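Throughout, read-outs are computed from the coordinates displayed, never taken from laboratory work. Quantities reported herein were computed from a predicted structural model and do not represent experimental measurements.
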């Protein structure tokens with residue numbers, strides 16, 4: 001595929017998400033996964049194993065980055081590193097975001113000893 005054009009309405013019409021996924025897949029290849037995510041009321045997601053970018057398509061919410069809450073509205077750009085806690089809160093009824101997963105999946109390993117602990121990100 002050399003080009004693709006898809007409206008937000010057409011992306012949402014591809015739903016609902018397949019079983020086991022919270023978002024509607026739009027494009028999946030070895031380099032990137034693009035989805036449209038429109039959680040109904042609450043956002044139950046957990047940290048992912050790839051870096052991701054969100055672009056708010058419509059509606060408003062608060063984005064929780066693991067420490068702070070940030071108001072977001074259409075056009076907002078949000079970057080989330082792999083394994084970072086995050087979620088959307090206080091979503092408007094029409095809230096939807098484009099999601100772009102990229103980079104190699106990684107695993108997070110925690111090493112603990114009686115004296116110290118370390119966390120390492122390893123590429124698969």
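So what does the Cα-only Debye profile of the chain read at q = 0.10, 0.19 Å⁻¹, as log10 I(q)/I(0), no solvent term?
Log10 of I(q)/I(0), two decimals: -0.35, -1.10.
How big is the Cα convex hull of region 56-96 in projection, averaged over all directions, in nm²? Can you show the working numbers first?
Numbers: hull surface 10.8 nm².
The Cα convex hull of region 56-96, projected and averaged over all directions, gives 2.7 nm².
Using every pair of alpha-carbon atoms in region 1-73, split the distances into 5 Å bins beginning at 0 and state the percent of pairs per bin, rounded to integers.
All Cα pairs considered, the percentages come to 3, 11, 22, 27, 20, 11, 4, 1.
What residue among 58, 69, 50 shows peak mean-square fluctuation when the chain is described by a Gaussian network model with Cα springs under 10 Å?
69
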